[in-house]
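Peer 1: The structure is given below, and queries will be raised subsequently.
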Amino acid sequence: MHNIDITNNISDSLHSFFLNNTFSQKIILMDSNTALHCFPLLPVEIKNTSHTIIIESGEKEKNIHTCQYIWEQMTHHQLDRKALMILLGGGVIGDMGGFCAATYKRGIAFITIPTTLLSQVDASIGGKLGIDFQGLKNHIGLFTNPIKTFIHSEFLKTLPKRELHSGFAEVIKHTLIADKKYWNEITQNTLETQNWEKNIQNSLAIKSEIVTKDPHEQNYRKILNFGHTIGHALESAYLKTNTPLLHGEAIAIGMVLEAFISFKKCGLPRTEFLEIFKYIQQTFPLSPIEASLKNKIFPYILQDKKNTNNNIQASLLLQIGKAVFDIPITFQDIESSIEYYNAFRPH
Ligand code: NAD
C-alpha cells in the first residue's frame with residue numbers, strides 16, 4: 001500500500017517524514033474533539049511549528065461555508081504553494097480539509113492522520129475529497145491523494161463507542177464484498193473483542209487492491225458501494241429527523257436490505273443472507289423504517305451517483321466474499337426488502 005504508514009509510534013513516523021520532506025509552512029486542520037484528544041499526541045516540534053485551524057465537529061460542518069473559513073485562514077497565514085496541510089480528524093476533516101488543500105492556489109500538499117475507525121479503514125484511501133451541498137452528501141468534490149497517510153490505532157482509545165460502531169460497518173462491508181475468511185474472523189468476535197490493528201490492515205489491503213484496479217470508480221470500484229445505495233438515502237432521510245443516524249449505522253441497515261435483494265436477485269444463498277442479518281442485528285441498533293421515511297428515501301436513491309438514465313444500479317453480493325456491480329434494481333425490490341426488514345428486525 002503506497003503512501004500509507006500504519007504505525008504504532010506516530011511521533012517517530014512524523015519525525016522521519018519531516019526529516020525527508022520540507023515545506024514552507026505547516027497548518028493543522030482539526031475539529032474541536034480532535035483538538036482536545038488527538039492534537040496532544042503529536043510531537044511537540046510539529047505542534048510548535050505549525051499554524052492551527054479548529055472547526056466545530058460533525059457532518060453539519062462539511063459545507064461550503066466552513067471551506068470558506070478554512071480558505072480564509074490559509075490566506076490569512078499567507079500559505080504559499082509549498083505549504084503543507086495536516087488533516088487531523090475523522091472523515092469530515094479528511095474529506096473537507098483535503099478538498100480545501102487540493103483547491104487552494106490550485107492545490108497544495110496535504111497529509112492525513114485519520115482518527116476515527118471509519119476514516120482509518122475507509123476514507124483514508126482512494127482519494128475521494130469533498131463536501132455536502134444542498135442536502136446531498138459529497139455532492140461537490142474531486143479525487144486527489146494525500147502525499148502520506150499515518151494510521152495509528154491509539155487514536156481510537158478516545159473515540160466514542162457509537163463512532164467505533166459506525167466505522168465497524170465499513171469493516172463488515174469489506175469482508176462481505178471481498179473476503180469470506182475475514183468475515184469468519186470478525187464474526188467470531190464482538191465489538192469489544194475485535195483486533196483493531198489486524199482489522200485495519202485487512203480492510204486497507206482490500207480497499208487498496210480495489211481502488212488500484214479502478215481509481216476513478218469507472219467499474220470494479222463500485223463494489224465498495226455495497227449497502228450504500230439504500231444506506232446513503234437512509235442517512236440523508238434520517239438527517240432531517242430528531243434521531244439522525246451515523247454513516248455506519250445507516251450503512252448497516254443498507255447492507256441488510258441489499259443483502260436481502262442479493263438473495264432475491266443474485267443467488268446469495270439464503271443461509272448466508274440470514275448469517276449477515278443475524279450478525280448485523282447483534283452488532284447494531286437497527287432503527288425501524290416507518291412508512292413516511294420510506295417514501296422520503298426514494299428521491300435520494302434517484303440521486304445516487306451509480307445510476308444511469310434514472311435506472312437504479314446497485315452493488316450486490318453473489319455470496320459472502322464476492323460482489324457484483326451495476327445490477328439494476330427497482331423500487332419494488334427496495335420496498336420488499338424494507339418490508340422484510342421491518343418484520344424481522346428485533347423489536
Ligand atoms: P467525523 O469526522 O465527523 O468524526 C466523528 C466524530 O468523532 C466527530 O465528532 C469527531 O470530532 C470525533 N472524533 C474523531 N476522532 C476522535 C478521537 N480520536 N477521539 C474522540 N473523538 C474523535 O466522522 P467519520 O465517521 O470519521 O467520517 C464520516 C465522514 O467520512 C462522512 O462525511 C463521510 O461522507 C466521509 N467518508 C468519506 C470516505 C472517502 O472515501 N473519502 C469514505 C467513507 C466516509
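The values are calculated or read from the model by the stated rules, or taken from the named source; none is laboratory data. Everything quoted here is computed from the prediction, not taken from an experiment. In this analysis, Cβ positions are derived from the backbone assuming ideal geometry, glycine residues included, and neighbour counts consider all displayed protein chains. The protein model used for the area step is the full one, side chains on, heavy atoms only, and it has no ligands, DNA or RNA in it. Shrake-Rupley method; radii C 1.70, N 1.55, O 1.52, S 1.80 Å.
Peer 1: For the stretch 112-146, how many residues are closer than 24 Å to S50 by Cβ, open to solvent by less than 10 Å² (accessible area, probe 1.4 Å) and outside any loop (DSSP other than H, G, I, E, B)?
Peer 2: 5
Peer 1: Could I ask something else about it? Would you pick out the residues in the stretch 287-298 that are in contact (Cβ under 8 Å) with a residue 24 or more places away in the chain and either over 21 Å from the mean Cα position of the chain (by Cα) or surrounded by fewer than 19 Cβ atoms within 10 Å (Cβ to Cβ) (or both)?
Peer 2: Of everything in the stretch 287-298, those that are in contact (Cβ under 8 Å) with a residue 24 or more places away in the chain and either over 21 Å from the mean Cα position of the chain (by Cα) or surrounded by fewer than 19 Cβ atoms within 10 Å (Cβ to Cβ) (or both) turn out to be S287, P288, I289, L293, K294, K296, F298.
Peer 1: Then there is this: D80: under 29 Å from S166 (Cα atoms) and open to solvent by 20 Å² or more (accessible area, probe 1.4 Å), yes or no? Steps first, please.
Peer 2: Numbers: under 29 Å from S166 (Cα atoms): no; open to solvent by 20 Å² or more (accessible area, probe 1.4 Å): yes.
It is false that D80 is under 29 Å from S166 (Cα atoms) and open to solvent by 20 Å² or more (accessible area, probe 1.4 Å).
Peer 1: What are the residues in the stretch 81-140 that are within 6 Å of the ligand (Cβ to nearest atom) and either aliphatic (A, V, I, L, M) or in contact with an Asp or Glu (Cβ under 6 Å, 6 or more places away or on another chain) (or both), if any?
Peer 2: Passing the criteria: G89, V92, I93, T116, L118, D122, A123.
Peer 1: Looking at the stretch 182-203 only, could you name the residues that are within 30 Å of Y341 (Cα to Cα) and either touching a Leu at 6+ places or on another chain (Cβ under 7 Å) or touching a residue at least 24 places away in the same chain (Cβ under 8 Å) (or both)?
Peer 2: Taking the stretch 182-203 first, the residues within 30 Å of Y341 (Cα to Cα) are 182-196, 199-200, 202-203.
Those that are within 30 Å of Y341 (Cα to Cα) and either touching a Leu at 6+ places or on another chain (Cβ under 7 Å) or touching a residue at least 24 places away in the same chain (Cβ under 8 Å) (or both): Y182, W183, T187, T190, L191, Q194, W196, N199, I200, N202, S203.
Peer 1: Just need a number here: residues in the stretch 267-278 that are of a type outside the set (S, T, N, Q) and surrounded by fewer than 19 Cβ atoms within 10 Å (Cβ to Cβ).
Peer 2: The total comes to 6.
Peer 1: Are any residues in the stretch 1-43 over 21 Å from D95 (Cβ atoms), of a type in the set (V, I, T) and in contact with a Ser or Thr (Cβ under 8 Å, 6 or more places away or on another chain), and if so, which ones?
Peer 2: Selection gives T7 alone.
Peer 1: Among residues belonging to the stretch 227-271 that are of a type in the set (S, T, Y) and within 17 Å of the chain's Cα centre (by Cα), point out the one that is farthest from K322 (Cα to Cα).
Peer 2: So the residue we want is S236.
Peer 1: Among the residues in the stretch 113-126, are any touching a helix residue (DSSP H, G or I) at 6+ places or on another chain (Cβ under 8 Å), on the phi > 0 side of the Ramachandran plot and not aromatic (F, W, Y)?
Peer 2: Yes, because at least one residue in the stretch 113-126 is touching a helix residue (DSSP H, G or I) at 6+ places or on another chain (Cβ under 8 Å), on the phi > 0 side of the Ramachandran plot and not aromatic (F, W, Y).
Peer 1: Could you tell me which of the residues K148, K173, K128, K161 is without any contact (Cβ under 8 Å) to a residue 60 or more places away in the chain and in contact with a Phe, Trp or Tyr (Cβ under 7 Å, 6 or more places away or on another chain)? Write out each step before concluding.
Peer 2: On the way: K148 fails: without any contact (Cβ under 8 Å) to a residue 60 or more places away in the chain; K173 fails: without any contact (Cβ under 8 Å) to a residue 60 or more places away in the chain; K161 fails: in contact with a Phe, Trp or Tyr (Cβ under 7 Å, 6 or more places away or on another chain).
Selected residue: K128, the only one of K148, K173, K128, K161 that is without any contact (Cβ under 8 Å) to a residue 60 or more places away in the chain and in contact with a Phe, Trp or Tyr (Cβ under 7 Å, 6 or more places away or on another chain).
Peer 1: If you don't mind, another one. Since A109 meets every condition but one in (1) open to solvent by less than 20 Å² (accessible area, probe 1.4 Å); (2) modelled with pLDDT of 95 or more; (3) among the small types (G, A, S), which condition does it not meet?
Peer 2: Condition (1) is where A109 drops out.
Peer 1: Out of the stretch 244-265, which residues are buried (at least 18 other Cβ atoms within 10 Å of the Cβ) and outside any helix (DSSP H, G or I)?
Peer 2: L245, L246
Peer 1: Something else: Counting only residues that are open to solvent by 70 Å² or more (accessible area, probe 1.4 Å) and either among the acidic types (D, E) or in contact with a Cys (Cβ under 9 Å, 6 or more places away or on another chain) (or both), which one in the stretch 33-71 is modelled with the highest pLDDT?
Peer 2: Among them, the one singled out is E56.
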